[in-house]
Structure formats: C-alpha cells, structure tokens
Amino acid sequence: MDNSINESKSTLNNMPTSKTNTDFMKEALDESMLDDKLVEECGVFGVYQDGSVLDPSRLTYYGLFALQHRGQESAGIAVNNQRTILYHKEMGMVAEIFDDVVLDYLKGHSAIGHVRYSTAGDSLAENAQPLVIRYTKGHMALAHNGNLTNANFLREELEGQGHIFQTTTDSEVIAALLSRARIRYNSIEESLLDVMNVIEGAYSLLVMTPHKLIAARDALGMRPLVMGKKDGAYVFSSESCAFDSLGIEFVRDVKPGEIITVDENGMKSIVLENATEKSAMCSFEYIYFARPDSIMEGLEVYTSRYRAGQVLFQEHPVDADVVIGVPDSGLSAAHGYADASGIPIVDGFMKNRYVGRTFIQPDQSLRELGVHLKLNPIKSQVAGKRVVMIDDSIVRGTTSKKIVKLLREAGATEVHVRVSSPPVTNSCYYGIDTPERKHLIAHIHSVNEVSDLIEANSLGHISEKGLLSCMEGANCNFCTACFTGNYPTTIKDEEI
C-alpha cells in the first residue's frame, strides 16, 4: 500500500535528471570498494506502548539515528494506529528522510523502523524496509536484519506456486511465507514458528500487526537483538546503544530462537525447540560493526576491542615510536596496544566525517583520491617516526596499501600494520557484505605476501585464539566462519 507522504514527494522524485537516484546509488556502491571493509547488513528498532504519552514514531526515529552505522542506504518507519499501517521509507540517511511533517503523520501505538545496507537484494527504493503487506488476515509490517542462506530456493518454490514478488530481498520471502502460514494457523506466533522452522541463516525480525509487536531471533542467535523498557513501552533494538541516550532501560538480549510478543496483555515468550542455549554471535559485531558503547550478550564492545589491542602487542610486538588507530574502528584496539606496549598513542589521522562509508566520485580520474578524501595524516605526529598502525581488518587490501602510502608520504620512516581480526579468508553468508573468496587478499596470499603487497614494514593479525580471549565474559559463542571456513549452517549457494 502507498501513503500520502510518499505521494507528496513524487513530483520532486520524478523531476528529469541526467542520472537517476538508482544510478547514483550504484556509483556510490562501486566507490565503496575503496572502503576496504566488511559492511554491516541492517539495523532494526521497534516500540510498543500501552497508551501513555510516548510517541512511538519519534522514539523510533531517534533509535534509527543511533543505529545509522549499521546501514546508510535507506531507512523507513511503519506505525500501527489499530486501523491500518502507515509508513514512510526512502533511500538515504535517517536525518534526510524524516522531518516533523513526516513524523506527525506517522501516529500510532506501535512502530518499527529499519536502516539498510543491501547484502541480499539490489540497492533500490522498492527494497527499503519495513515491508508493509496486505493479506487475507489484514495488514502486517516486517523489518529484517540478516540474511537467509536458502532464500533463493524458497523464492523459486513460492514463484512456482504463483507468488509474485515486488522486491529482490530475502525479507520479502519471509513475509510471503508468514502471510501464507497465517492462513493455516490461529495466531501470528504459530505462523512465525512454522516459518522459522523453514528458513535458514541469520536473522533478527520485528513483525507488527494491528494488535501486536513481535520480535524474533534465529535459532543460532547470529544477529543481535535486545529488549528494553521505557515507561509503559517495550522497545527492541539491534544494539543497546540506541537505548542509552533515550532513557530506555535495558532488560536483556533476545534469546536464540525466541519469539517475544507484546500486546495489550503484556509480554510473552516462546522458544524454538531446536534453538541453541547460547548464541553463535557474529564475531565481527565485536570487532567492527557494533558501536563501542553497545553491550552485547553481557560484554561491552569497547572492552573487547581494547583487549584485542593488548593481545595484538603480546602476539606481535614491535619497536616503534608511536601508535595510531585508523578511525574509527581501529581506535579502541590502538589504545589497548599502546597501553600494553608503553608506546605513546597519537592522533595520526584527521577523518572527514562528512564522507560516509560510500560516496560518489565526480570523475573517474579522481578515483585514487577516495581514501585521501576520507583520511588525511597529521604530519607532525608521524613525520620521522616509526609508526604502528592499528586497523580492524584487511579485506581486499586496496585501502590498507593506500593508507600505508599516505603515512609514508607524511614522513613516517616505518609503518608496521597490526590488525585486530584474524585474516579474512572466507565469505560470509549471514548478512555481512563480503566479496567472493577470490577477491579476499588473505585467501590467495600469505601474511608475509600481504605485507609486501600493502608495502608495510611488517604485518601482524590477532590469532583466532587471541580474538576469542578478548571476548571472554560474553554469554555466547561466536561465529568465526570468515576466518576458519567452518560455517554453523549448511551453505547451499557458496561463492568461490
């Protein structure tokens, strides 16, 4: 269904331009290859209130703002006013999409929101979430974080039965299965249980119906999801950092395989029979994706990153003059390395914070300037010095080489690279945007070869054992498939 807010902007969106919004977004994604990082999948946020003065749409707006690091391609909010579901979603950042006019329109007693980076499905406006559908039982909105490993198989099966898809996302596969199951079962919870026994992979879900808000997590708990309370409202979020600034009381992590329903009768929970006791949390949540101030499964993310820096020095010491962290993801580990080594830490780079993870180059000839536009060395801090550069990961190696070159051009006499994750040798199929294995530099080259390729004086990665030691205290297990190739589920369409 459509909504008047989107219609009111149709004139602007349909103005003739030399390039479409899709063209620009595709260019931005091409340029994201310069940003040699694994990229997070999505973030979800949801609110169900009991009729107090709380404004669900605005609380969701601020929640999405806090989760913006998890996805910068599109964002959306859907609200339920008990008669219908209103929604607004567009390509772009949260602050660009929503204003007071939009939020005043989105009035209701519950809301769910989504920020997206496309890992499954193209970067198109129609793939923005939440998905809002109308089916025989009424209306439903769905927001999904993660990736299904059997989505293609399920989509083909549904299409063979006559189902027509409007998007290219695996989220719509979930919605299609759920609407079909709802015809056979008496409740949305029973329907969701049935669907969760069919879909495979990693996911956190928020489902909103005219009378309920439902949160669910896959049976292995690979994607994060937490629950909180504010006054008379229940709140769900991909990360706890969205709670802190909004005065929301953190309650607990949603359990693996758990379905939590909130309605006028309060909160109730059921758990899949095949759910694991402890989650297999994606290790990169602690390494890179999550905000450092988030607490996941009982462990503060900053603490794990700081420990990683300490372990890096224990495993790969070096005689140097200064330690610098690559903003922002390498800073926490850099402090740990500096404290463990006694080598002073300095601000080695100035980051242009107005350039996101993806940005558009005006001309092909400027492509090589991409990294320099984002990071500029502070020459006084590195000139004539032996530098230890701390980063969280090396994926293709392209950006690492350019950063090392920038430091040498700024006068660094030596550049020793230390990485707070093991070598990334395998692709992820659980909602993280990784290249095919043939494009992963650590899959085809040894550590020494990578060191030569990025032109560093030396290169050291934290070991898998060292990484896991940094995350001690978390009430979970971890998925390390991108380092080991040991996937916790069967992968049907493996990329090579």
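The table for this structure:
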{"quantity": "Unit charges at the beta carbon, dipole of the stretch 154-230: most positive-side option, G228, I199, A176", "calculated": "G228"}
{"quantity": "Dipole magnitude of the stretch 75-232 about its Cα centre (Cβ charges: Lys, Arg +1; Asp, Glu -1), debye to nearest 20", "calculated": "580 debye"}
{"quantity": "Theoretical FRET efficiency, 1/(1+(r/R0)^6), r = Cβ-Cβ of V271 and D347, R0 41 Å, to 0.05", "calculated": "0.30"}
{"quantity": "Estimated inter-spin distance, A95 and E455, nm [label 7 Å along Cα→Cβ]", "calculated": "3.6 nm"}
{"quantity": "Förster radius 35 Å - calculated FRET efficiency between L373 and N152 (Cβ-Cβ, nearest 0.05)", "calculated": "0.40"}
{"quantity": "Linear extension gain, H211 paired with D263, 0.36 nm per residue minus alpha-carbon span", "calculated": "18.1 nm"}
{"quantity": "Alpha-carbon spread of the stretch 188-273, three principal axes, descending order, Å", "calculated": "37, 28, 18"}
{"quantity": "Where labels lie 7 Å past Cα in the beta-carbon direction, separation of Y62 and T136 in nm", "calculated": "4.3 nm"}
{"quantity": "Linear extension gain, K278 paired with R184, 0.36 nm per residue minus alpha-carbon span", "calculated": "30.7 nm"}
{"quantity": "Mean shadow area of the stretch 16-277 over all directions, Cα convex hull, nm²", "calculated": "14.7 nm²"}
{"quantity": "Highest to lowest packing among 300-309, 481-490, 159-168, scored as the average C-beta count within 10 Å", "calculated": "300-309, 481-490, 159-168"}
{"quantity": "Restraint check, K401/K438; K351/K405; K405/K465; K137/K255, Cα-Cα greater than 24 Å", "calculated": "K405/K465; K137/K255"}
{"quantity": "Size of the stretch 281-353 as Cα extents on the principal axes (Å, biggest first)", "calculated": "36, 32, 15"}
{"quantity": "Relative counts (whole %) of C-alpha pair distances in the stretch 300-484, using bins that are 10 Å wide", "calculated": "9, 36, 38, 15, 1"}
{"quantity": "Computed P(r) (all Cα pairs; the stretch 218-262; 10 Å bins; percent)", "calculated": "29, 53, 18, 0"}
{"quantity": "Per-bin percent of Cα-Cα distances, the stretch 57-156 [5 Å]", "calculated": "2, 13, 23, 24, 18, 11, 6, 2, 0"}
{"quantity": "Computed label-point distance, nm, for sites E315 and K438 using a 7 Å Cα→Cβ extension", "calculated": "3.0 nm"}
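Throughout, read-outs are computed from the coordinates displayed, never taken from laboratory work. Given the structure is predicted, the values throughout are model-derived calculations rather than measurements. In this analysis, Cβ positions are derived from the backbone assuming ideal geometry, glycine residues included, and neighbour counts consider all displayed protein chains.
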